[in-house]
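Taking it in order: structure first as structure tokens, then the write-up.
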Amino acid sequence: MDEIIQIDNKYNDSKYDDNERNPSDAHKGKQISLVSLSPNGKCIVTYSEDDNSIERWIVKDPKLSPREKVNSLSPNNSKLCLQGKAYELSKEEIDKLSAEVSTNLLTDKIDFIKVNDYGTVCYSYNSILIIVSMDINKVQILELHHKPRWIYFNKDVRLVNDSRISVYSLNELNLTSSYKVSSYVRGVVIDNNNIWFINKDCLYQWELKSLQLKFIYSLKSKYHKYDAYAFRTVISKENLIVVKCWSFIEIFLVGVHFPIMNIEVTDTVNVVLLCEAQYNYLLVFDTPQKYIKQNIILYYINDIDKQPVDASKIFNDKLNDENPENNENKFILYEYNSESKEAFGLFNGKILCINLSDFNWHDFFVSNHKDSDENVGGWNTYLCQTFKNYCIDTLISPDMENIRSLIIKYTNKYNNDDAYTDYQTQHESKEIKFKNQEYEWEIDVENRKLLVYSDNKQMCSSDLSYFGHLNQQYGLLWKILDNNAIALLSYGHFLVIYEYDVNNNSISTPYSLSTDNHLEKLKDKDFSGTKLPNPITNTRNPILDSENINKLFIIESTINYDLSLAKYGRTLLESLLKLTEPELTRSIELLYNKCTTLVKEDPKRNLKFLSIITSSMNGLYKKYPDYITKFNSEMFMFLDPKDETILYSDNCSSHLDTFTNEVDVKYNSWWSEIFWPKSSIFIDTCKKEFYTNWNGEAVINFKWKKFGRKYYFPIWLIFTVFLVCFTLASYPTSSITQENRVKLYQTSIAFGFFHIIFELRQFIWNPKKYILSIWNFFDLSAYFPATIASIYWIKYSSIPEWALSLSCLLLDLKFLLFFRVFESFGVYFAIIFGVARRIFYFLFVLALIIASFAHALFLLLHPQNLIDSFKTPNLSDPNNPWALSNTYNQTDENGNVLNETLIQVPTESTNLFYSYPSSLLATYLFLTGNQNSISPWTPTSTAENAILYILLVVFTFLVVIYLMNLFIGLLNMAIGENNDRASYLVQKAEVIAEIELFYLLPHQRRWRSWFPEVIYYHAEIEKAQVYIKEAINKGEWKMEDWPEMKYKILKLLRIEDIIKN
């Protein structure tokens, strides 16, 4: 029964004896302009523009008591009237009010007024914020630079303007924190746990404490510039989120990105979400205005076919019954507290608090509702399907009470001696009527089917073979739910909920849950809350468990039901990629096709279904790479679903200019994730397959423009300083003093360690990936030698020339690699390193063959005395250097040859086969065409000499002719494979990925303006025409993949005739 709480004129409180007022004289009977209720519902303040006053009221059960009256500031009065006493402002507070501001206070009305749980009142004039602590006679004034667009006030003061959220402490109004907000914000709502940002087409849910983005919801209401300051409300309660923005109320299921319902209203309405058991209602009422009748409407969320009813009867009928002489008066509702179930408003000039704690909203709606096809109150629907469901969706409003009772019923049967009798009754009665409807369920036990009948006519059926034997005791229990769905429980461990869709005449499965095996049963405590357990990741019943025999049914039912797919699809695909059963490959294909089909059918509403696929793109690439090719083909190019126009103008953005409209909150958080940064989809997918079209290139351009270039060029500059300092310090000149040389080396050490620290972080993050990257080899070879050489020189004042030579060479090569991000240079670097990767194993085989020949020649041609062969002549050894050296005969003055022979002193190059390392050098020189290493040996009849020339012939044909020509052919093939923009883009993506992981701070990686969910890009019309024509010629433009979108693009580009030709 509703309770009317009148203002007690005789309310006695010694503290307020001097300030008693008649509630009928609130604001001297003037019109109330603004009303604000404290979050706990215990305090309410009213403001009258006509009276220029503020009054605070305390809600005391069961009384609403007047407290203090505050006269708002005026230019001729710097006093506030508190509890009937004048409170003088301090000189400093008066000085805060400039002459210009003070003059405007008289003519400008209060922008807003709030009261917190402690009774403190906060209101503002333009850019002046005034906080009145009435209990302690304290007034604080804060002068802002700009008029805030939104203000939230409870334990602290939160001001929101176009670009920043500022938080002030309540005691001294000190700025405690500040967050930068992106310019795309069109509205902000802050509750106890979340910050809700609204832009022109999305609602962003951010966690208040951690400032982590939780979810993005797509708005269907259209944004207009003149609606920028329209009233907005976001209510999150149990399974539902209600958003009032602009001229629409949109209702979302938690975790589902598209709205399930939509109401068109006026801009100035207030919205209250009423959740009672399984019944959900919306109380919508206009903000009171002069001479305008207030509408109070009640909407029933659970049944979208029900038109709303006039809820003003709830308040007016009772009030008029008690005041028959004033039955023409109407209750004016200002505030409703859904927690305490109290309504606050005016009736006959008095402020009233109406207690509705015993009021049954559902009974009122049913008794006052009239079935009609007329669209009353702007009630429209946007469900997953394009038609209206016959029954209330189980996921939107689950009937937890009946589900629990079904499980408890099964549990009790085990301990009940009359279980078999009850079982027989259960299965003898097969017909289960819908509640208040003409349809009925029927369970066909013999044929294991679930059927729907109407007037004894079968409408449709569904297979129940997954439930096993239905004719056994406890085999199957059922329960009709309040939304006319039917819940079936098999052997206590497998629960399935079925719904009947009248429009499609089919039975759907919105929810199913199973335990791991028959021995473990479902517990009623699993359904103790207001939300159904996650069927995929539920800790007691994980779908990943290979023993779960019903997992294929759960997977397919989740995929086939749109709401289930939107809510659980991402975790489902991640789970499927971890499983190894061959039959589950079909489930991945089913999920992929379902997501892409939904996007093609309605890209504006269903675009975010693509995030289910893209979130697991790396896993798909590793296990099923064909899906990446298919995805690139189907999503080759598509228009912005919210703006499919093409601008033929010279003022358009540049080609592939990228942007995003996502809301961002920037704040400082330094140390978390510094050493173990989290990877991302972009980092995990730096593969060529992802950058073969404009979509991938747009991602690269976006990240490069947002943060890549901002970090890359400073890193390059730091390395350049490192290079210059080391080069100058190692330059052989006397013009650099010892002291300056030391300073240069010290600077080199500092910058070297700067780079080495980042290399160390990369190694710690993923050692295997770090070792396998060729870029890291160049990085280490540049940083380490130069740094160590600098340290060595400072310690010993000298260093071997070869160390300086190699260090400078490696530094110069590293400097050259910085040019790889520019396309003019990068394409060649992509070819060089792409070819190197392609022929690496061929070069490895070639090196082994050369090493094998070098080994054979060493064993054949080495001198007998390996140690002293150059010092000890041994002419009997044909391989001794003295025997291979040039000999000279001495002649007399007449030219006669003397018996004495002169032998040229041999060198190490005389016989390069004196050691295995030198044999490798000799073999390599022979490969390059230098035959000096073989020339000392002349053909003779000895076996060793014959084997030598056989080896040389084989080496010449196998290595010099065959393998080297094969090497050249492979080079040509590898160059052709890497001579494209995709290879260059992958190279650039790797650079950006390194910056993203190791140079950005953790809080920067959470900036949505840098890491949005959706990226848009512009494309020049002429280039788009050429690009599509080339794709058609190459067979990359497949009309069968999303033909509607591709034909629309061709038509907008005016090239649709090329398909016909």
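Out of all the residues in the range 567-577, which are open to solvent by less than 30 Å² (accessible area, probe 1.4 Å) and part of a helix (DSSP H, G or I)? Give the derivation first.
Step one: list which residues in the range 567-577 are open to solvent by less than 30 Å² (accessible area, probe 1.4 Å), which gives 568-569, 572-573, 575-577.
Those that are open to solvent by less than 30 Å² (accessible area, probe 1.4 Å) and part of a helix (DSSP H, G or I): 568, 569, 572, 573, 575, 576.
Return the residue satisfying two criteria in turn: it lies in the range 701-757 and is among the β-branched types (Val, Ile, Thr), under 22 Å from residue 812 (Cβ atoms) and outside any helix (DSSP H, G or I), and of such residues it is farthest from the chain's Cα centre (by Cα). Even if it seems obvious, please write down each step before you answer.
Kept after step one, since they are among the β-branched types (Val, Ile, Thr), are these residues of the range 701-757: 715, 718, 720-721, 724, 727, 733, 736-737, 742, 747, 749, 756-757.
Those still in the list that are under 22 Å from residue 812 (Cβ atoms) too: 715, 718, 720-721, 724, 727, 733, 736, 747, 749, 756.
Retained after the next criterion (residues that are outside any helix (DSSP H, G or I)): 733, 736.
Details: 733: 57, 736: 55 Å.
Checked the range 701-757; the qualifying residue farthest from the chain's Cα centre (by Cα) is 733.
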In the list 461, 397, 405, 465, which residue meets the criterion of being at pLDDT 75 or above, surrounded by fewer than 13 Cβ atoms within 10 Å (Cβ to Cβ) and either within 42 Å of the chain's Cα centre (by Cα) or among the aromatic types (Phe, Trp, Tyr) (or both)? 465
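Within the range 854-878, track down each residue that is over 11 Å from residue 914 (Cα atoms) and of a type in the set (A, V, I, L, M). Don't jump to the end; show me each part of the working.
Start the filter on the range 854-878 by keeping residues that are over 11 Å from residue 914 (Cα atoms), which leaves 854-856, 871-878.
Within the range 854-878, 854, 856, 875 qualify.
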Hey, can you tell me all the residues within the range 171-189 that are under 21 Å from residue 115 (Cα atoms) and surrounded by fewer than 19 Cβ atoms within 10 Å (Cβ to Cβ)? 171, 172, 173, 174, 175, 176
Name the residue that is modelled with the lowest pLDDT, counting only residues in the range 238-256 that are closer than 23 Å to residue 569 by Cα and open to solvent by 10 Å² or more (accessible area, probe 1.4 Å). 238
Top-ranked residue in the range 973-1002 [being modelled with pLDDT of 85 or more and polar (S, T, N, Q); ranked as nearest to residue 686 (Cα to Cα)]: 987
Modelled with pLDDT of 85 or more and either under 30 Å from residue 614 (Cβ atoms) or not in a helix (DSSP H, G or I) (or both), is that true of residue 682? yes
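Taking the range 821-844 as the region of interest, how many residues are assigned to a helix (DSSP H, G or I) and open to solvent by 20 Å² or more (accessible area, probe 1.4 Å)?
Quick first cut of the range 821-844, residues assigned to a helix (DSSP H, G or I) only: 821, 823-838, 840-844.
So of that shortlist, the ones also open to solvent by 20 Å² or more (accessible area, probe 1.4 Å) come out as 823-825, 827-829, 831-832, 836-838, 840-844.
The qualifying residues number 16.
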The condition from (1) surrounded by fewer than 12 Cβ atoms within 10 Å (Cβ to Cβ); (2) at pLDDT 90 or above that residue 725 misses is numbered (1)
Hey, does the range 791-812 have a residue that's within 20 Å of residue 713 (Cα to Cα) and touching a Cys at 6+ places or on another chain (Cβ under 8 Å)? no
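If we keep just the residues of the range 578-602 that are in a helix (DSSP H, G or I), open to solvent by 20 Å² or more (accessible area, probe 1.4 Å) and touching a residue at least 24 places away in the same chain (Cβ under 8 Å), which is farthest from residue 262 (Cα to Cα)? Working first, answer last.
If we filter the range 578-602 for residues that are in a helix (DSSP H, G or I), which is where we start, we get 582-601.
Narrowing further to those that are open to solvent by 20 Å² or more (accessible area, probe 1.4 Å): 582-583, 585-586, 589-590, 593-594, 597, 600-601.
Now restrict to residues that are touching a residue at least 24 places away in the same chain (Cβ under 8 Å): 583, 585, 590, 594, 600.
Values: 583: 40, 585: 38, 590: 30, 594: 25, 600: 22 Å.
Out of the qualifying residues, it is 583.
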Among the residues of the range 1-44, the number that are open to solvent by less than 10 Å² (accessible area, probe 1.4 Å), over 23 Å from residue 292 (Cβ atoms) and at pLDDT 75 or above is 3
I'm told residue 868 meets every condition in (1) part of a helix (DSSP H, G or I); (2) open to solvent by 20 Å² or more (accessible area, probe 1.4 Å); (3) of a type outside the set (Lys, Arg) except one. Can you identify the failing condition by its number? (1)
Confirm whether residue 778 is over 29 Å from residue 953 (Cβ atoms), surrounded by fewer than 17 Cβ atoms within 10 Å (Cβ to Cβ) and of a type in the set (Phe, Trp, Tyr). yes
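Could you list, in sequence order, the residues of the range 990-1045 that are among the polar types (S, T, N, Q) and under 18 Å from residue 614 (Cβ atoms)?
Looking only at the range 990-1045, we keep the residues that are among the polar types (S, T, N, Q), and these are 1004, 1009, 1025, 1033.
Once the filter is applied, which keeps residues that are among the polar types (S, T, N, Q) and under 18 Å from residue 614 (Cβ atoms), the range 990-1045 yields nothing.
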In the range 97-127, residue modelled with the lowest pLDDT [restricted to those that are in a strand (DSSP E or B) and not polar (S, T, N, Q)]: 125
The range 759-802, subset of a type in the set (A, V, I, L, M) and over 30 Å from residue 684 (Cα atoms), residue modelled with the lowest pLDDT: 799
Do we find a residue being within 21 Å of the chain's Cα centre (by Cα), of a type in the set (Val, Ile, Thr) and either more than 26 Å from residue 532 (Cα to Cα) or open to solvent by less than 10 Å² (accessible area, probe 1.4 Å) (or both) anywhere in the range 617-630? yes
Are there any pairs with C-beta distances below 7 angstrom linking a residue in the range 154-165 that is outside any strand (DSSP E or B) to a residue that is acidic (Asp, Glu) and open to solvent by 40 Å² or more (accessible area, probe 1.4 Å), with the two at least 6 apart or on different chains, and if so which? 154/117
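Let's see how each residue does on (1) closer than 30 Å to residue 979 by Cα; (2) of a type outside the set (S, T, N, Q); (3) without any contact (Cβ under 8 Å) to a residue 24 or more places away in the chain:
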| site | (1), (2), (3) |
| --- | --- |
| 833 | yes, yes, no |
| 836 | yes, yes, no |
| 852 | no, no, yes |
| 865 | no, no, yes |
| 871 | no, yes, yes |
| 883 | no, yes, yes |
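Being in a loop (DSSP other than H, G, I, E, B) and open to solvent by less than 20 Å² (accessible area, probe 1.4 Å) is the filter; apply it to the range 504-531 and report the residue that is modelled with the lowest pLDDT.
Of all residues in the range 504-531, those in a loop (DSSP other than H, G, I, E, B) come to 504-505, 515-523, 528-531.
Now restrict to residues that are open to solvent by less than 20 Å² (accessible area, probe 1.4 Å): 515, 522.
Numbers: 515: 78, 522: 82.
Checked the range 504-531; the qualifying residue modelled with the lowest pLDDT is 515.
So which of 854, 847, 922, 883 is open to solvent by 30 Å² or more (accessible area, probe 1.4 Å), small (Gly, Ala, Ser), assigned to a helix (DSSP H, G or I) and modelled with pLDDT of 85 or more? Explain how you work it out, then say what you get.
Working: 854 fails: open to solvent by 30 Å² or more (accessible area, probe 1.4 Å); 922 fails: open to solvent by 30 Å² or more (accessible area, probe 1.4 Å); 883 fails: modelled with pLDDT of 85 or more.
Going through 854, 847, 922, 883 in turn, just one is open to solvent by 30 Å² or more (accessible area, probe 1.4 Å), small (Gly, Ala, Ser), assigned to a helix (DSSP H, G or I) and modelled with pLDDT of 85 or more: 847.
The values are calculated or read from the model by the stated rules, or taken from the named source; none is laboratory data. Computed from a predicted structure; not experimentally measured. No Cβ is skipped: glycine too gets one built from the backbone with ideal geometry, and neighbour counts run over all protein chains shown. Accessible surface areas use protein heavy atoms only, side chains included; no ligands, DNA or RNA. Shrake-Rupley method; radii C 1.70, N 1.55, O 1.52, S 1.80 Å.
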